[in-house]
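See below for the structure under consideration.
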Amino acid sequence: MFLKCGKFQLPLARPLIMGVVNVTPDSFSDGGKFFELKQSLAHAEALISEGADILDIGGESTRPGAAPVPLEEERRRVLPLLERLAGGATPISIDTHKPELMREAVAAGASMLNDVSGFRDPDALQAAAGSGAAICIMHMQGEPRTMQQNPLYGDVTAEVRDYLAARIRAAEAAGIARERIVIDPGFGFGKTMAHNLTLLRELRQFSGLRCALLAGLSRKAMLGTITGCDPAHRVHASTSAALIAVQNGAQIVRVHDVAATRDALAVWAAVKGK
Ligand code: HH2
């Protein structure tokens, strides 16, 4: 199985590591650290040298309660870094829900579009369809400003799975082939601790949707609740969570700590004989 991702064909026989580069002043775990181009470029290059298979660049924090960022400002944060990285050997993903930015990002060389709102904007699937980029469709209940106020589900895994199945159908109807589609249950996005743990335990149920499966647990609040550690000290918890996700079928893990994740997955692969 391969993921078609712009000019790249990424084999999914072993788990892929997506390294996070947040060009934001307010991201929950690394806000402000990589806000200037010089810093974000150095960070991106470090993640590549540590073994990132994909880089995910974001210019708008999606943490609970985050304020929306205007298009012009998001563009100013994201595009200069994308332009510096796009010619390299590592596919670049852009984390945005704005169709205009999706189009500009693809024109500037992005190989993947990652939309935490699941390409909800009526124009977003059209923007993606006209490109060769892969898309990551994530599930979120509500929207970042209010999503953690009172998330409610009957059967969280079934509801998230049905939502993703419907979005896959919509993406296919818009002309996006399955080998370009990545799905993600959206840990922490309109979910309580119990919902997140259930989704992680039952992650295998998403494999039936026959798209590449991504899990983003890195440094998230649930890991802080479990360990009592602040975001900068959640590397061990994050690595453990990434490993559990891979054991339960994730093919891409979205992480801040690439080197630690790479080593954990190398042990896993050795045990599996991969
Ligand atoms: N999580 C975050 C952002 N984008 N995209 C996908 N597909 N899956 C995720 O789980 C996911 C995501 C939140 O993490 P981070 O980017 O570190 O924080 P912030 O949104 O505050 O910038």
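The values are calculated or read from the model by the stated rules, or taken from the named source; none is laboratory data. Keep in mind that what you see is a predicted model, and the values were worked out from it rather than measured. Positions of Cβ are generated from backbone atoms using ideal geometry, with glycine treated the same way; all protein chains shown enter the neighbour counts. Note: areas computed on protein heavy atoms with side chains; ligands, DNA, RNA excluded. Shrake-Rupley method; radii C 1.70, N 1.55, O 1.52, S 1.80 Å.
Quick look at the values:
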quantity: Single unsatisfied condition, Glu60 versus (1) over 24 Å from Ile137 (Cβ atoms); (2) among the acidic types (Asp, Glu); (3) touching a residue at least 24 places away in the same chain (Cβ under 8 Å); calculated: (1)
quantity: Considering residues of the stretch 9-31 that are closer than 21 Å to Val246 by Cβ and within 7 Å of the ligand (Cβ to nearest atom) only, the residue nearest to the chain's Cα centre (by Cα); calculated: Val20
quantity: Residue in the stretch 7-17 that is among the charged types (D, E, K, R) and either in a helix (DSSP H, G or I) or more than 30 Å from Arg210 (Cβ to Cβ) (or both) present; calculated: no
quantity: Test: Ala67 is more than 19 Å from Leu41 (Cβ to Cβ), open to solvent by 10 Å² or more (accessible area, probe 1.4 Å) and not polar (S, T, N, Q); calculated: yes
quantity: Pro122, sole failed condition from (1) out of contact with any Lys or Arg (no Cβ under 8 Å at 6 or more places or on another chain); (2) outside any helix (DSSP H, G or I); (3) within 13 Å of the ligand (Cβ to nearest atom); calculated: (3)
quantity: Within the stretch 171-274, strands (runs of 3 or more DSSP E) holding 3 or more residues that are out of contact with any Phe, Trp or Tyr (no Cβ under 8 Å at 6 or more places or on another chain) and open to solvent by less than 30 Å² (accessible area, probe 1.4 Å); calculated: 181-184, 252-255
quantity: Among residues of the stretch 7-35, those that are more than 16 Å from Val78 (Cβ to Cβ), open to solvent by 40 Å² or more (accessible area, probe 1.4 Å) and in contact (Cβ under 8 Å) with a residue 12 or more places away in the chain, counted; calculated: 4
quantity: Total residues in the stretch 70-102, condition over 21 Å from Met18 (Cβ atoms) and either touching a strand residue (DSSP E or B) at 6+ places or on another chain (Cβ under 6 Å) or surrounded by fewer than 18 Cβ atoms within 10 Å (Cβ to Cβ) (or both); calculated: 6
